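*Asks:* This is the structure I want to talk about, given as structure tokens.
The values are calculated or read from the model by the stated rules, or taken from the named source; none is laboratory data. Source: prediction; values computed, not measured. With ideal geometry, Cβ positions are generated from the backbone for all residues, glycine too; neighbour counts draw on all protein chains shown.
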Amino acid sequence: MRTIEESYLVELDPFFAEDLRQMERAVNYRRWQFRMVAPFLGGSVLEVGGGIGNFTIELATSGRYVASLEPNEFCFRQLVEKTRGLANVRPLRATVEKLDVELAPGERFDSVVLMNVLEHISDDRAVLTALAGRLAPGGRLVVLVPAGQWAFGPIDERLGHFRRYDKGSARRVFGEAGLRMEFLRYYNFAGIWGWWWNARFGGREGQSDAQIRFFDRYVVPVVSRVERFIRPPVGQSILAVGSVIKP
């Protein structure tokens, strides 16, 4: 089995770093993604893959305690700077495999959240199994990942994605990790078609700033409102929420 250090981006990749900066500028899209996960978050949160802190501050709202795990040195420095002064945020530079070095063996969380992280990890089942062990009784594991393996393309490869998910693969990996699925749905019906076009016909190996600005400014406000009432049959993202299966 590949280690987390091997399968997750520990060394600085300029392409990966630029993607994080692009997402930081996509304010409407980022806020929409946070609204997806917010209803499932408890008082204490373990954020796996904090990156440059794009979601960490939002996670820390409403008095939540957040331990944010980020192995990449470049990203970790920005995460620390961005959350400086927030007493309820604890940045941790470590991989999931070395989490026991940073946390007490008995420390548990109401929520463990992975925002666009699991697709970067080769052995997703092993990671989910390990993280399930950090859930407090009644806690939830919240995972937001790219959807639609049929839309997998050059941008996914450059970002270090091992896969995109569908409902079947999400249910399977949660079950293998000893998790009962509580919530599962697609989001962003419009976005998946743009991603698919870029993968199959656009010949793009990177995301366009112009496309992201247009999508964030004009598409996200409309689609996010519509999807409050209508669940799309497919989407660019899939949200999976599970809890530990009691023996």
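*Asks:* Take the residues in the stretch 39-84 that are β-branched (Val, Ile, Thr) and touching a residue at least 12 places away in the same chain (Cβ under 8 Å); name whichever of them is surrounded by the fewest Cβ atoms within 10 Å (Cβ to Cβ).
*Replies:* The initial filter retains those residues of the stretch 39-84 that are β-branched (Val, Ile, Thr), namely 45, 48, 52, 56-57, 61, 66, 80, 83.
In the following step, the residues that additionally are touching a residue at least 12 places away in the same chain (Cβ under 8 Å) were identified as 45, 48, 52, 56-57, 66, 83.
Details: 45: 24, 48: 28, 52: 21, 56: 22, 57: 14, 66: 26, 83: 21.
Looking at residues that are β-branched (Val, Ile, Thr) and touching a residue at least 12 places away in the same chain (Cβ under 8 Å), I get 57.
*Asks:* Those residues that are without any contact (Cβ under 8 Å) to a residue 40 or more places away in the chain and part of a helix (DSSP H, G or I), I need them from the stretch 214-247; list them, please. Give the steps one after another, and end with the answer.
*Replies:* Just the residues of the stretch 214-247 that are without any contact (Cβ under 8 Å) to a residue 40 or more places away in the chain, to begin with: 214, 218-219, 222-223, 225-226, 228-230, 246-247.
Listed by number, the residues that qualify are 214, 218, 219, 222, 223, 225, 226.
*Asks:* Still on this structure: Can you name the condition, by its number, that residue 58 falls short on among (1) closer than 19 Å to residue 141 by Cβ; (2) in a loop (DSSP other than H, G, I, E, B)?
*Replies:* (2)
*Asks:* Also: Scan the stretch 168-177 and tell me whether some residue there is crowded, with 16+ Cβ neighbours inside 10 Å, part of a helix (DSSP H, G or I) and at pLDDT below 90.
*Replies:* no
*Asks:* I'm checking my understanding of the structure. Among residues of the stretch 94-113 that are of a type in the set (Val, Ile, Thr) and assigned to a strand (DSSP E or B), which one is nearest to residue 133 (Cα to Cα)? Break it down stepwise before answering.
*Replies:* Of all residues in the stretch 94-113, those of a type in the set (Val, Ile, Thr) come to 95-96, 101, 112-113.
Checking the rest, the ones that are also assigned to a strand (DSSP E or B) come to 112-113.
Working: 112: 10, 113: 13 Å.
Once the filter is applied, the top-ranked residue is 112.
*Asks:* Which residues, counting only those in the stretch 42-66, are at pLDDT 95 or above and over 14 Å from the mean Cα position of the chain (by Cα)?
*Replies:* Listed by number, the residues that qualify are 44, 65, 66.
*Asks:* Just wondering, is there one or more residues in the stretch 172-183 that are out of contact with any Leu (no Cβ under 9 Å at 6 or more places or on another chain), of a type in the set (A, V, I, L, M, F, W, C) and without any contact (Cβ under 8 Å) to a residue 12 or more places away in the chain?
*Replies:* Within the stretch 172-183, the subset out of contact with any Leu (no Cβ under 9 Å at 6 or more places or on another chain) is 172, 175, 180-182.
Those still in the list that are of a type in the set (A, V, I, L, M, F, W, C) too: 181.
Still in the running and without any contact (Cβ under 8 Å) to a residue 12 or more places away in the chain: none.
Checking the stretch 172-183: not a single residue is out of contact with any Leu (no Cβ under 9 Å at 6 or more places or on another chain), of a type in the set (A, V, I, L, M, F, W, C) and without any contact (Cβ under 8 Å) to a residue 12 or more places away in the chain.
*Asks:* Let me ask you something else. Within the stretch 96-141, work out how many residues are of a type outside the set (A, V, I, L, M) and touching a strand residue (DSSP E or B) at 6+ places or on another chain (Cβ under 8 Å). I'd like the intermediate steps shown before the answer.
*Replies:* Initial filter on the stretch 96-141 (of a type outside the set (A, V, I, L, M)): 97-98, 100, 102, 105-111, 116, 119-120, 122-125, 129, 133-134, 137-140.
Add one more test, that the residue is touching a strand residue (DSSP E or B) at 6+ places or on another chain (Cβ under 8 Å), and what stays is 102, 108-111, 116, 119, 134, 138-140.
Of the residues in that region, 11 qualify.
*Asks:* Could you please find all residues in the stretch 156-165 being surrounded by fewer than 18 Cβ atoms within 10 Å (Cβ to Cβ), closer than 20 Å to residue 200 by Cβ and touching a residue at least 60 places away in the same chain (Cβ under 8 Å)?
*Replies:* Hits for the stretch 156-165 are 158, 162.
*Asks:* Suppose we keep only residues that are within 16 Å of the chain's Cα centre (by Cα) and not in a helix (DSSP H, G or I) within the stretch 118-142. Which one would you say is nearest to residue 94 (Cα to Cα)?
*Replies:* Per the stated criteria, the residue is 121.
*Asks:* Just to be sure I understand the filter: pairs with C-beta atoms under 6 Å, separated by 6 or more residues or on different chains, first member in the stretch 85-114 and over 16 Å from residue 51 (Cβ atoms) and free of Cβ contacts under 8 Å to residues at least 60 places away in the same chain, second member of a type in the set (Ser, Thr, Tyr) and outside any loop (DSSP other than H, G, I, E, B). Which pairs pass?
*Replies:* 88/65
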